[in-house]
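Encoded as structure tokens, the structure appears first; notes follow it.
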Amino acid sequence: MIKHKEEMKITVRENMRGGDGQAVITDVLNKDEYNGHARLLGTITLEPGCSIGPHIHENEEEVFYIIDGEAVYNDNGEEKTLYKGDSCICLGGQTHSIANRTDKTLVFFAAILTY
């Protein structure tokens, strides 16, 4: 299967998880297009000043891979900076958030894996 960019669903979420501004989610694959156990496989774009607020993952884990830009990642209450090419994981029962505090666009791949 091949899926072209123009076939991908784009969703704009305002104040995602209590964050600031908009998160633009591009579904790289929809749930009905694969057999694995994932709730999300897509990219998320955060413009300057935008964020996804803190939230917990139960019975799932989320992986981020920074494609472009720089992020402030809150890993269970500890803030770390992520740069292009960096990745992180929020395991089940843990809390995280992500913010773009720069003047450039942040784009990252997100995979929510369920179990």
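For (1) over 19 Å from C50 (Cα atoms); (2) open to solvent by 70 Å² or more (accessible area, probe 1.4 Å); (3) touching a residue at least 60 places away in the same chain (Cβ under 8 Å), each residue gets a yes or a no:
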| site | (1), (2), (3) |
| --- | --- |
| Y65 | no, yes, no |
| N76 | yes, yes, no |
| T81 | no, no, no |
| V107 | no, no, yes |
| A111 | yes, no, yes |
### Task
Inspect all residues belonging to segment 11-20 and state whether any of them is modelled with pLDDT of 95 or more, open to solvent by less than 90 Å² (accessible area, probe 1.4 Å) and within 14 Å of F109 (Cα to Cα).
no
### Message
Cβ-Cβ under 8 Å, sequence separation 6+ or interchain: first residue in segment 89-101 and within 10 Å of L113 (Cα to Cα), partner surrounded by fewer than 21 Cβ atoms within 10 Å (Cβ to Cβ). Which pairs?
### Response
L91/H57; L91/E61; G92/H57; G92/E58; G92/N59; G92/E60; G92/E61; G92/Y115
### Message
Looking at segment 83-105 only, could you name the residues that are part of a strand (DSSP E or B) and either open to solvent by 70 Å² or more (accessible area, probe 1.4 Å) or on the phi > 0 side of the Ramachandran plot (or both)?
### Response
Y83, S87, I89
### Query
In this structure, does P48 turn out to be open to solvent by 40 Å² or more (accessible area, probe 1.4 Å), part of a strand (DSSP E or B), at pLDDT 95 or above and closer than 23 Å to T11 by Cβ?
no
### Selection count where residues are touching a Phe, Trp or Tyr at 6+ places or on another chain (Cβ under 9 Å) and either buried (at least 16 other Cβ atoms within 10 Å of the Cβ) or β-branched (V, I, T) (or both), scope segment 23-45
6
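The values are calculated or read from the model by the stated rules, or taken from the named source; none is laboratory data. This is a predicted model, so every value here is computed, not measured. Don't worry about glycine lacking a Cβ; one is built from the backbone with ideal geometry, like all the others, and counts go over all protein chains shown. What goes into the accessible areas is simple: the full protein's heavy atoms, side chains included, and nothing from ligands, DNA or RNA. Shrake-Rupley method; radii C 1.70, N 1.55, O 1.52, S 1.80 Å.
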